[in-house]
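Take a look at the structure below.
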Amino acid sequence: MANRTSGAVASKAKPARRAQSDALRYYLIAYNVLSCLAWSWILGRCLHHEISGYWAGPSAQLKAQMLSLLRAMNPTAPSLFTSAVFNYMLPKWLHPLVNQASTMYAEIGLEVKIVQTLAIMEVFHAMLGFVKSSAFVTTMQVFSRYALVWGIADYYDQAQENPLYASMVFAWSVTEVIRYAWYALNLCNIKLAWLTYIRYTFFYVLYPVGASSEAFVMFSTLPPMITTAQSVKPVFEIWKEQPLAFVRLLLFIGWWPSLYVLYTHMIKQRKKVLGPFRGKGHALKTE
């Protein structure tokens, strides 16, 4: 009798667990689909703003150049990361793109903040065991972006007008569109070899572009490193007045070993996932 009772309880528990598992899967599918759409919107807005530089009037381009030049020559907060400096080094046909990049924050900065802030859910997913990702690594990745969108770009004009803000957002959005699409399809048991391939290949370019842009957006907010004829105060005095600048400097220095760790981790993951791919007739491993 006892065995029959326990068997009945177990048989009832199985459908309950299955229903709970299905509900979680549907939730994760919805989350990944919505996240993919959100970052697709950011990517589309980013590309549209950049391309529109080619049909902007000459007066608008000249205004952008003059403002950028004034920023670069500002004695209290000079910056090498302005469109005027980039245009000096780059061919003329790229100047409209650089000018537009320097206004990217003004165009989509709020939208990037909103979409990136929603990534806090990934920390909860990892902590609650909804996904296999490390809670610590996920938290570090999410909050490093929070530091940029809420603590750097939100407070410093140098970061907002830095053309590398645009390359940072572009790298983020391409990465996330691919990543969320891959997760959503895998949760639906749809395995696309080409999507798996680009997920574990595009990072070769996107990681260095994104991480270096993040680092130099942060670096552009630092006070001057050397005293010049235009300096209104000795460099040491300026740094003493901005104690948080030392924190940003340490973050900038620490960004590069972090990039190395993540980059080599992705290379190992690529070998693990794409290892069986050796040419025609071989399928990509997607799990």
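The values are calculated or read from the model by the stated rules, or taken from the named source; none is laboratory data. Computed from a predicted structure; not experimentally measured. Neighbour counts run over all protein chains shown; Cβ positions are idealised from the backbone, glycine included. Note: accessible area is taken over every heavy atom of the protein model, side chains too, but ligands, DNA and RNA are not part of it. Shrake-Rupley method; radii C 1.70, N 1.55, O 1.52, S 1.80 Å.
Numerical summary
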{"item": "List E161, E50, ordered by accessible area with a 1.4 Å probe, largest first", "result": "E161, E50"}
{"item": "Using a Förster distance of 25 Å, the FRET efficiency for I120-R270 (Cβ separation, nearest 0.05)", "result": "0.35"}
{"item": "³J(HN,Hα), Karplus 6.51/-1.76/1.60, whole Hz, each residue of the range 134-151, x for Gly, Pro", "result": "5, 5, 5, 5, 4, 4, 5, 5, 5, 6, 5, 6, 4, 4, 6, 7, 9, x"}
{"item": "Average accessible surface area per residue within the range 22-274, 1.4 Å rolling probe, Å²", "result": "54"}
{"item": "Percent accessible area from carbon and sulfur atoms, the range 22-274, protein chains only, probe 1.4 Å", "result": "73"}
{"item": "Protection proxy ranking of 144-156, 207-219 - average other beta-carbon atoms within 10 Å, highest first", "result": "207-219, 144-156"}
{"item": "Accessible surface, 1.4 Å probe, highest first, among residues M121, M266", "result": "M121, M266"}
{"item": "Cross-link pairs beyond the 27 Å C-alpha cut-off, checked among K92/K233; K191/K271; K132/K268", "result": "K92/K233"}
{"item": "The range 22-274, relative contact order [Cα under 8 Å, separation at least 6], %", "result": "24"}
{"item": "Accessible surface ranking that places the most exposed of I238, I51 first, with a 1.4 angstrom probe", "result": "I51, I238"}
{"item": "Stretch gain in nm, segment W150-Y27, where the contour uses 0.36 nm per residue and the Cα spacing is subtracted", "result": "41.5 nm"}
